[in-house]
Amino acid sequence: MQAVTHRPARGRTQGTYGALVLEHFEHPRNAGRYRPQADVIEGAAGRPAQGAAFVLSARIEDERLGAVRFEAYGCPHCIAAASWLSERLRGATRADLDAWRWTEAADRLEVPAEKWGRMLVLEDAVHELARAWERLGEAAAPE
Amino acid sequence: MSAGLPIYLDHAATTPVDPRVAQAMIECLGPDGAHGNASSVGHEHGRRARALVERARAQVAAAIGARPECIIWTSGATESDNLAILGVARFNADRGRHVISARSEHKAVIEAFKQLEKEGFQVSWLKPGSNGIVDPEQVEAALRPDTQLVSLMHVNNETGVIQDVAAVGALCRARGVAFHVDAAQSVGKLPLDVQAMSVDLLALTAHKAYGPKGIGALYVRRDPPLGLRPLIYGGGQELGLRSGTLATHQIVGMGAAFELAELEREADVERLTRLRERLWQGICALGGVELNGDPQRRVAGLLNVSFHGVEGESLQFALRELAVSTGSACSSATDEASYVLRALGRSDELAQSSLRFSLGRYTTQEEIERAIEVVRREVARLRALAPGAP
C-alpha cells in the first residue's frame, strides 16, 4: 500500500456522485463492527453534529490487518469512502496506517472540496486505529 | 406518477400546472390568441387582452375577499414581498424606521428586511416557539411608537404551520401600523379574507396553486389608500406601482388557477389531510422520528419530519425515488442547515436530517404507500451503517 500525499483534484460538484461512490453507497462492503477480542483493534473519529463520524475495527493477522469493518454516519461520500477504505486497508501494516492520508480517498471518490474536512475525519479514524494497534502491542509486550 | 420520474412530493416548492389552467393559457397564445398589449386599449386586440387581464384580476381578488382594483400584478411572491416591504417602508420612512418580522419567514421577506437594515431601519426579529408559532403577544410587545410595518407569513413553507394573522392584523390595525402577509403557501389550502384578517398587503403567487411560474400579485389596501413606493419604473402600468407590459397568458393562468383552487379547496384539503396522516403514521412506525411544527395548526398536505441517526444528504440520496426537499446543507442551494428549523430550536443535526413531504392535487394513495415503504427501508439501512447501531 502506498500513501498519496498530493492535494486531490477539486472533485465533483455538490449533489453529484461518481460511479465508485454510487457502488459503495448502494452496496457497502464490510459494514459493522467486530466484538472486542484480543486480536481486534478499533479507531473512531468525528461526531454526527460535525456531519461525519467513523468507526473502523479490524482483526490483526501476522502483523497485518486481516479484515476491516466500518460504521459511518455522514453524506454518501462519507459512507462510500469508509466502505472503500475497509477493502483498501486489508493487508496494511501499522506503518501504512500512519502514512495514510485523506487525499487518497478524496481522489479516488472524487470528493468535492466542500467535503474534504470529512475525509480528514476519516484520516483521524485511521490514525486512531494505528494508535489502538500500538497500544495492543504495548500490552502484549513482556514485562 | 410519471414513468421513470420520482414520485413528486415537493408541491410546497412548486406545483404542476393544472391542465385546465394550461388550456386557458394556450388560448391566449398564437396569432389568434389574445396577443395584444393590455395597455393598447385603442384597438380590439388590446381591449381583448385587457378584458382577460381584468377577469383574472377579479378571480384573484375573489379568492382573497378583496376588490379587484386592489390587485397589482407582479412576477411572483418574491417580487410582491419586496414591493410590499421596501415600498411601504421607504414611502413612510419619515414616519418611523422600526419594522417587525420573524426569523422563520421566507428568504424573500428576510432579505428585504435586511436591505432595510442597510438603509437605516431597525428590525425586530421575533423568534417563533418550538412549534413554529409566533404568539400575537410577541408582536404586541415588539410594537413601538415608531413602528410602521409588521410582516408575518400566513403558512410556513417548510413546516406548514399556520400563523394567527387575524390576531396580528387586529393589533396592527388598532395601532395604525401597516401589516403585510406572505400568503404564497395559502391559496387552495386555507380560506383567505383580507378584510377579516385586517391585512394591508398580501403577497401571492400562481405556481404554488397549480398555476404558471413567473406570475404573482400583491394585494394593496385602497381604503384608506396605503402609500407605496414602486421598485420598477417605466410605463406606469398597475397604477404606477409595477411598470412593464402585462403578461396576459400568465395572468389568465393565475386567475384560472385561483378560481379552481377555491372551488376545489374543501375537497382537496379533506383528501390531502387523509393522505398526510397515513404518511405520518407509516413513517412514525420507524421510531426515532420527530414532527417539525405544530401538530394541529398546519396545512393539509405538508409533513416535515426529522430522523434521528441519519444524515440528511444521504437520506435524500437514498430516497431519490421520491422528489422531496431536505433541510440538509449539502444538497440545498444554501450553505446552512434549515434556518427555519433552527429558529424552532432544532439542533443542526436534526435540522439537517429533516425531510419535507408536500403532497398535492395529483398525489395518489399508491404513491403514499410506496413512499412509506421506501422511507422505512432506507432509514433502517442507513441507521444500520451508523456508529452505535443496535
Given a 1.4 Å probe, show me the residues in the stretch B:356-390 buried by at least 50 Å² of accessible surface when comparing the whole protein assembly to the chain alone. B:Arg381, B:Leu385, B:Pro387
Under a Cβ-Cβ cut-off of 14 Å, what is the net charge of the residues other than B:Ser243 that fall near it, where Lys and Arg count +1 and Asp and Glu count -1? 0
For the stretch A:13-143, what's the relative contact order in percent, using C-alpha pairs closer than 8 Å and at least 6 residues apart? 29 percent
Kindly sort B:His35, B:His11, B:His207 by accessible area of their heavy atoms, largest first, with the probe set to 1.4 Å. B:His35, B:His207, B:His11
Please compute how much accessible surface disappears when A pairs with B, both sides summed, using a 1.4 Å probe, and round it to the nearest 100 Å². 1700 Å²
In terms of the alpha carbon gyration tensor, root eigenvalues a ≥ b ≥ c, rounded if a/c is under 1.5 and otherwise prolate when a/b exceeds b/c or oblate, the stretch B:1-94 is oblate
With everything on Cα atoms, drop me the angle between helix A:76-88 and the longest principal axis of chain A, reported from 0 to 90° to the nearest 10. 40 degrees
Using alpha carbons only, how many degrees (0 to 90, rounded to 10) separate the axis of helix B:107-118 from the longest principal axis of chain B? 60 degrees
Kindly provide the GluC sites (Glu not before Pro) of the stretch A:92-141 that DSSP labels as loop, not H, G, I, E or B, and whose Cβ sees at most 12 other Cβ atoms within 10 Å. none
In degrees rounded to 10, the 0-90 angle between helix A:116-140 Cα long axis and the longest Cα principal axis of chain A is 10 degrees
Could you state the accessible area per residue of the stretch B:1-96 in Å², with a 1.4 Å probe and every protein chain left in place? 46 Å²
Placing +1 on each Lys and Arg Cβ and -1 on each Asp and Glu Cβ in the protein assembly as shown, then taking the dipole about the Cα centre, the residue among B:Ala184, B:Tyr339, B:Ile283 whose Cα reaches farthest towards the positive end is B:Ala184
List the extent of the Cα atoms of the stretch B:241-383 along each of their three principal axes, largest first, rounded to whole Å. 53, 34, 28
Where a label projected 7 Å from the Cα of B:Arg55 along Cα→Cβ would reach, residues of the stretch B:1-30 with amide N under 19 Å: B:18-30
May I ask for the percentage of alpha-carbon pairs in the stretch A:37-143 that lie more than 21 Å from each other? 30 percent
With a ≥ b ≥ c the root eigenvalues of the C-alpha gyration tensor of chain B, is it rounded (a/c under 1.5), prolate (a/b larger than b/c) or oblate? oblate
Name the shape class, rounded, prolate or oblate, that the alpha-carbon gyration tensor gives for the stretch B:74-160, where a ≥ b ≥ c are the square roots of its eigenvalues, rounded holds for a/c under 1.5, and otherwise prolate holds if a/b is larger than b/c and oblate otherwise. oblate
I'd like the carbon and sulfur percentage of the solvent accessible area for the protein assembly as shown, probe radius 1.4 Å, heavy atoms only, ligands and nucleic acids excluded. 51 percent
Size of the dipole of chain B about the Cα centre, Lys and Arg at +1 and Asp and Glu at -1 on the beta carbon, nothing else charged, in debye to 20? 380 debye
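The values are calculated or read from the model by the stated rules, or taken from the named source; none is laboratory data. All of these numbers come straight from a predicted model, not from anything done at the bench. Cβ atoms come from the backbone with ideal geometry, glycine included; neighbour counts cover every protein chain shown. Keep in mind that these areas ignore ligands, DNA and RNA; they rest on the heavy atoms of the full protein, side chains included. Shrake-Rupley method; radii C 1.70, N 1.55, O 1.52, S 1.80 Å.
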